[in-house]
Amino acid sequence: MNVDEKTIRHVAALARIDLEGVDVDRLTRQMSDILAYVEQLGEPDVEGIPATAHARPQPLPLREDTPQPGLTPDEALRDAPKRQGDFVLVPRTVEGGGAT
Amino acid sequence: MAAREYDIVIGLEVHVQLATRTKAFCACPTDFGAGENSQVCPVCMGMPGMLPVLNRRVVEMAVLLGLATGCAINRESVFARKNYFYPDLPKGYQISQYDKPLCEHGKLPVLIDGAWREFGITRIHIEEDAGKSMHGGGGSLIDFNRTGVPLLEVVSEPDFRSADEATAYLKTMRRLVRSLGISDGNMEEGSLRCDANVSVRPTPDDPFGTRTELKNINSFRFIARALDYEAARQWDMLQHHEVVVQETRLYDAEKGRTYSMRGKEEAHDYRYFPDPDLLPLIVENDLVEQARGALPELPWQRTRRYMDDLGLSAYDAEVLTADEELSDYFERVVDEDVPAKTAANWVSSELLGALKQRELEMASNPIEPERLRSLIKLVAGERSRAKSPRTYSPRCSRRRTIRRRSWRRWAFSRSRTKGRSPPSWTRSSRKARRKSSNTRAEKRRFSVISSAR
């Protein structure tokens, strides 16, 4: 699979990676090489073998619904680039957002 | 409702925040209103190398909701990563379920205008919530306390043909999750959130039109308005030969309109893949059977019982079962001397009216059901002795108001001040009583109250 420059720029935009001063041609070639390497996975004949995401066929362990202490706000925010009170401060995100 | 010149098609995605003590994949507490970033740990903060461990209670609650809605419970389901970038999602992905959800193919019975309807549920899956962000001039403030709180996403079939149907479904869903005890269903606090897919078409025989997704409609008051606005907007576009774009839109409650939430659709490739940190979830028979045994009487079963066994009207049954506490209270008022119909009248009109007047919630209702029951008996006894008429002249209706106020005052003052007697009739009612003879006044008082609706 060949990756073109447009795809690289799109993925970089999604990942919020600044490509300013980056050799995009080189990056495009490298990404193509990586994908070509991974594409070898398509070669073995896996017809009739169910897809597995895990090597060990065992059920998911569950835990009881019992609270445990976690981090204090100071510990949690120690590596945050900016904070305001006990909040993490990030550049303003305009759209509503949030998961789900 | 006025006839529309087009057909609306709506599907709902309801997010139910589960009332567990800890988060979905870590043991952080989920207490509402805790200080910012005080209920976090390396797992929910997305620190490298941390491993999620699923909360058993989340699975139990999901199975409970699945069984209540008649879903098939998949004995094997898979957690997937939904990848996207947003500051309130520290891992860079949300743990969700994708092609193998826990529950599928259910339905929700909803009473609309006295008739039962069933709306299809496509799937129910487990996922985790994102953090909260607040936007200000200097940037956005992020609180990760909510990050990792368990959610159930309930996806409906595109079965709704009006905003009212969608609203009725959502209200029934809220009653259901509350009666199952899996969520407080509070929309204002975000425990119940709703996204809607909306499209329009000229007639029900046409294929579905292009849909837009309305995000986070977080109040019952706005749902119908948001849906109707969006449908009208789309129809208007089609009338002007414009093309409806498939996109995510937000409803602005103040302006009463929806607007495009551009920027997000670009990232719509969520690159779902099975989460390598989580093995497939295997639900054992024991868990399903325990959940089945724990199912309470479901809201629609209760509504049907009120109609079929107690002989209440669809309206009364709906009012009384709209709230679990109200319904339980009503059942404690009914006994062999107080028939259901009488109790229903007193509870749904007199009691609710009095509470509303005092701006009290059912939870803080000061009148014990036993006291209301004895009052009903007292009134019924007096009424049969007095053999009073059931019809009133307009002149009486003013007194009727006075009398109704009087009993309420009596009941409330009694419940506040123990053992206070005799009934604390107000000056206005004393004055009213003095106007006529005692006998006539008594007659009126009781006949009026017992027929009050």
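The values are calculated or read from the model by the stated rules, or taken from the named source; none is laboratory data. Keep in mind that this is a model prediction, so the values were computed, not measured. Neighbour counts are summed over all protein chains in view; Cβ atoms, including those assigned to glycine, are modelled from backbone coordinates with ideal geometry.
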In this structure, does B:V53 turn out to be facing another protein chain (nearest Cβ under 9 Å), touching a strand residue (DSSP E or B) at 6+ places or on another chain (Cβ under 9 Å) and either within 30 Å of B:V200 (Cα to Cα) or not aromatic (F, W, Y) (or both)? yes
Scanning for something in a helix (DSSP H, G or I) and either away from every other protein chain (no Cβ under 14 Å) or within 20 Å of the chain's Cα centre (by Cα) (or both), does region A:13-20 turn up at least one residue? yes
Does A:R9 fit the bill of being of a type in the set (K, R), within 14 Å of chain B (Cβ to nearest Cβ), in a loop (DSSP other than H, G, I, E, B) and over 30 Å from B:A19 (Cβ atoms)? no
Could you go through region A:35-57 and let me know if any residue there is over 25 Å from the mean Cα position of the chain (by Cα), exposed (fewer than 13 other Cβ atoms within 10 Å of the Cβ) and within 9 Å of another protein chain (Cβ to nearest Cβ). yes
Report, by residue number, each residue of region B:136-165 that is among the aliphatic types (A, V, I, L, M) and either modelled with pLDDT of 95 or more or closer than 30 Å to A:A76 by Cβ (or both). B:L141, B:I142, B:V149, B:L151, B:L152, B:V154, B:V155
With (1) out of contact with any helix residue (DSSP H, G or I) (no Cβ under 9 Å at 6 or more places or on another chain); (2) farther than 30 Å from B:G49 by Cα as the list, and B:R305 as the residue in question, which single condition is left unmet? (1)
Being within 25 Å of the chain's Cα centre (by Cα), farther than 24 Å from B:R304 by Cβ and away from every other protein chain (no Cβ under 14 Å): is that true of B:E104 here? yes
Note on region B:9-57: residues in a loop (DSSP other than H, G, I, E, B), in contact with a Ser or Thr (Cβ under 8 Å, 6 or more places away or on another chain) and not small (G, A, S) are B:L18, B:T20, B:R21, B:K23, B:C28, B:T30, B:Q39, B:C44, B:M45
Going through (1) under 19 Å from the mean Cα position of the chain (by Cα); (2) surrounded by fewer than 17 Cβ atoms within 10 Å (Cβ to Cβ); (3) within 30 Å of B:I95 (Cα to Cα); (4) free of Cβ contacts under 8 Å to residues at least 40 places away in the same chain one by one, B:R221 fails only at (3)
Quickly run through region B:128-145 and pick out the residues that are more than 7 Å from every other protein chain (Cβ to nearest Cβ) and either under 30 Å from B:I10 (Cβ atoms) or among the aliphatic types (A, V, I, L, M) (or both). B:E128, B:G131, B:K132, B:M134
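Restricting attention to helices (runs of 4 or more DSSP H) lying wholly within region B:271-390, give those where 3 or more residues are within 30 Å of B:C103 (Cβ to Cβ) and touching a residue at least 60 places away in the same chain (Cβ under 8 Å).
Result: B:285-294, B:299-308, B:314-321.
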Go through region B:131-151 and report how many residues are farther than 17 Å from B:E189 by Cα and touching a Lys or Arg at 6+ places or on another chain (Cβ under 7 Å). 3
Counting only residues that are at pLDDT 90 or above and of a type in the set (A, V, I, L, M, F, W, C), which one in region A:21-34 is farthest from the chain's Cα centre (by Cα)? A:V24
Per the filter on region B:159-177, residues out of contact with any strand residue (DSSP E or B) (no Cβ under 8 Å at 6 or more places or on another chain) and hydroxyl-bearing (S, T, Y) are B:T167
Of residues in region B:178-191 being surrounded by 19 or more Cβ atoms within 10 Å (Cβ to Cβ) and either in contact with a strand residue (DSSP E or B) (Cβ under 6 Å, 6 or more places away or on another chain) or polar (S, T, N, Q) (or both), the one modelled with the highest pLDDT: B:S183
Can you tell me which residue in region B:15-29 is nearest to the chain's Cα centre (by Cα), limited to those that are over 18 Å from B:L170 (Cα atoms) and more than 7 Å from chain A (Cβ to nearest Cβ)? B:A19
Could you list, ordered by first residue, the pairs with Cβ atoms under 8 Å in which the first is in region B:167-179 and assigned by TED's automatic domain parsing to the domain that holds B:A196 and closer than 13 Å to B:E118 by Cβ and the second is of a type outside the set (A, V, I, L, M) and assigned to a helix (DSSP H, G or I), at least 6 apart or interchain? B:T172/B:P299; B:T172/B:W300
